[in-house]
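A.B. asks: I have a structure I would like to understand better, so I am pasting it below and will then ask my questions one at a time.
The values are calculated or read from the model by the stated rules, or taken from the named source; none is laboratory data. The shown structure was predicted, so the numbers you read here are calculated from the model rather than taken from an experiment. Cβ coordinates were reconstructed from backbone atoms using ideal geometry, including for glycine residues, and neighbour counts include every protein chain displayed. Note: areas computed on protein heavy atoms with side chains; ligands, DNA, RNA excluded. Shrake-Rupley method; radii C 1.70, N 1.55, O 1.52, S 1.80 Å.
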Amino acid sequence: MGKDIYEEFDNIYFDQAEFEKIEDSLSEIEIKRLNKNLKKRIFKQNKRYIKAAAIASITLIIGTSIMTPAFAKTIVQYVPALENLYEKLGYYSEYKDFSQYIGVSKEAQGYKFTIDKLVADQDTVLVALRITKPGLNDEEQGKKSGNNFYIDADVDGLGKGAITGGTMTKRTIDKNTSIVLLENEVAVGKVLPMRFEMNIDIFSTFNGKINVNFKLPVSRQKTKEETIVKKDLGVSEIKEKFNVNINEVKSSPLNTNIKYTTDKSIDKNMDEKTFVSFYCYDDKGNIYLDMGARADDGSKKVGAVSPVEKNARKLYIVPYIYENLSGKQTNYESLDFDGKLYDLNTIREFDMKEDGKINVYKIEKNSDTIKFYYTFTGPDNSLTKQDVIQLYEDNPDKEGAKLIISRKDIKIYKPDSSKPNNYCIEFRNVDGDKNYVYSVGCFPTSKMICGDKIEVNLRK
């Protein structure tokens, strides 16, 4: 099928009527060849955050040609390796049934930029991008050409600035190709229509001739059917007279967002702009990671946690804030494991003094997951320190170049409901051929103050 598999994808065109007559489209030989070539690619990950106005700097390229949505869907369905490229960025296989396959490209100055697919719910749009150009990821060429591009996203009908934040993750496939995942978050207080058009502009600050834009038709009908929204869930009191009003909880395949407001400050160090964090767990033993927060210009705020599992019937939400310890914190530098990294053969107990003990009694490495089984004994609210075990990619060839695993690729749960202090932290999308190391200890510099638990009935 030619040297460059990505060129093959872009150069193939099927008439829709003719395509529907094809039973499988790809022979077993073609599928094996696609997988073989894709698996040879070398991956490098680089994650950046999009600040206000959802603009971020990335190195990318833009190009031409059309892949019909029907054929794009077939490629992704029949070639697991291609799907895995995006899953490693956070566009997970769970989104498959909700995705729209786009397959549209544009070009400028020899750059190629292809939007492969997207998925949306009422406040988030994930866009999967494929970018190619000869020598795209050549470091020296990049320095000479000044490949510094910006992406700006917006939504028709909601006004300029409707997209206010999100994340951007980039992965290098080979010297000519990279893929990017854009997570676009709508402004607090706004809800995306069921069907809308999203504008994506790509431009360069170095070359005015590189400026392309896409107008993408988006539907969130499929995710709506799997989205649970619960409103007016009550008030949780944190300390005296500091109330957190849970206005809405939205659980979709993409994320879980908690909309809330707070009352006046409780002391001079806490004002009405203070963000509240959330410790969330369900009736099936799953614990959900805090994924950050955002706010509007007023009092409306949103706290995000990882997506709720499909089998969960109840969600429990415990709001909390931090209060300075005023010099009362433990001297963690005296602990023998502070700042140290351990290989995956290290089984031991980690004593964190008054913050409890963690006993890592089993580490299980599979082809794409690493699981840490441990027991925890200590203060009840210590479990809200969700980064107590961190996993890094060990790269001895580059001193200090140890990449932490994305929070989107971490799950925490109780593997055995009969053992209340037994837990598992699972890191997924790891490379089975690489070496990893881990650390223990995300020590507090402030005291956690928890509020009243709020119970949410998700399903009957």
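A.B. asks: I need the full set of residues from the stretch 297-314 which are surrounded by 13 or more Cβ atoms within 10 Å (Cβ to Cβ) and either in contact with a Lys or Arg (Cβ under 8 Å, 6 or more places away or on another chain) or outside any loop (DSSP other than H, G, I, E, B) (or both), in order please.
C.D. replies: Listed by number, the residues that qualify are Lys300, Lys301, Val302, Gly303, Ala304, Val305, Ser306, Glu309, Ala312, Lys314.
A.B. asks: Still on this structure: Can you tell me which residue in the stretch 431-442 is modelled with the lowest pLDDT, limited to those that are of a type outside the set (Lys, Arg) and not in a strand (DSSP E or B)?
C.D. replies: For the stretch 431-442, the residue satisfying everything is Cys442.
A.B. asks: Is it the case, given these coordinates, that Glu272 is modelled with pLDDT of 85 or more and open to solvent by 40 Å² or more (accessible area, probe 1.4 Å)?
C.D. replies: No.
A.B. asks: Here's a follow-up. Are any residues in the stretch 103-115 modelled with pLDDT under 90 and under 26 Å from Glu225 (Cα atoms), and if so, which ones?
C.D. replies: Correct list: Gly103 only.
A.B. asks: Take the conditions open to solvent by 50 Å² or more (accessible area, probe 1.4 Å) and at pLDDT below 75 and apply them to Asp452. Does it pass?
C.D. replies: So Asp452 fails the test.
A.B. asks: Considering each residue of the stretch 107-121, count those that are touching a Ser or Thr at 6+ places or on another chain (Cβ under 7 Å) and surrounded by fewer than 20 Cβ atoms within 10 Å (Cβ to Cβ), and give that number.
C.D. replies: Adding up the residues that qualify gives 1.
A.B. asks: Across the stretch 402-430, which residue is farthest from Pro379 (Cα to Cα) among those that are in a strand (DSSP E or B) and among the basic types (Lys, Arg)?
C.D. replies: Arg428
A.B. asks: Only residues that are modelled with pLDDT under 95, surrounded by fewer than 14 Cβ atoms within 10 Å (Cβ to Cβ) and either part of a loop (DSSP other than H, G, I, E, B) or among the aliphatic types (A, V, I, L, M) (or both): list them for the stretch 315-369, please.
C.D. replies: Residues satisfying the conditions are Leu325, Ser326, Gly327, Lys328, Asn331, Asp336, Gly339, Lys340, Asn366, Ser367.
A.B. asks: What's the number of the only condition in (1) closer than 27 Å to Met448 by Cα; (2) modelled with pLDDT of 90 or more; (3) open to solvent by 30 Å² or more (accessible area, probe 1.4 Å) that Pro379 fails to meet?
C.D. replies: Against the list (1) closer than 27 Å to Met448 by Cα; (2) modelled with pLDDT of 90 or more; (3) open to solvent by 30 Å² or more (accessible area, probe 1.4 Å), Pro379 comes up short only on (2).
A.B. asks: So, one more: Taking only pairs six or more apart or across chains, which ones have beta-carbon atoms under 9 Å, a first residue in the stretch 372-398 that is assigned to a strand (DSSP E or B), and a second residue that is among the polar types (S, T, N, Q) and at pLDDT below 85?
C.D. replies: So the pair list comes out as Phe376/Ser382; Glu393/Gln45.
A.B. asks: For the stretch 388-430, what are the residues that are under 22 Å from Asn366 (Cβ atoms), open to solvent by less than 60 Å² (accessible area, probe 1.4 Å) and modelled with pLDDT under 80?
C.D. replies: Once the filter is applied, which keeps residues that are under 22 Å from Asn366 (Cβ atoms), open to solvent by less than 60 Å² (accessible area, probe 1.4 Å) and modelled with pLDDT under 80, the stretch 388-430 yields only Asn395.
A.B. asks: Are there strands (runs of 3 or more DSSP E) fully within the stretch 146-262 with at least 1 residues that are more than 27 Å from Phe113 (Cα to Cα) and open to solvent by 20 Å² or more (accessible area, probe 1.4 Å)? List them.
C.D. replies: Correct list: 228-237, 243-251, 256-262.
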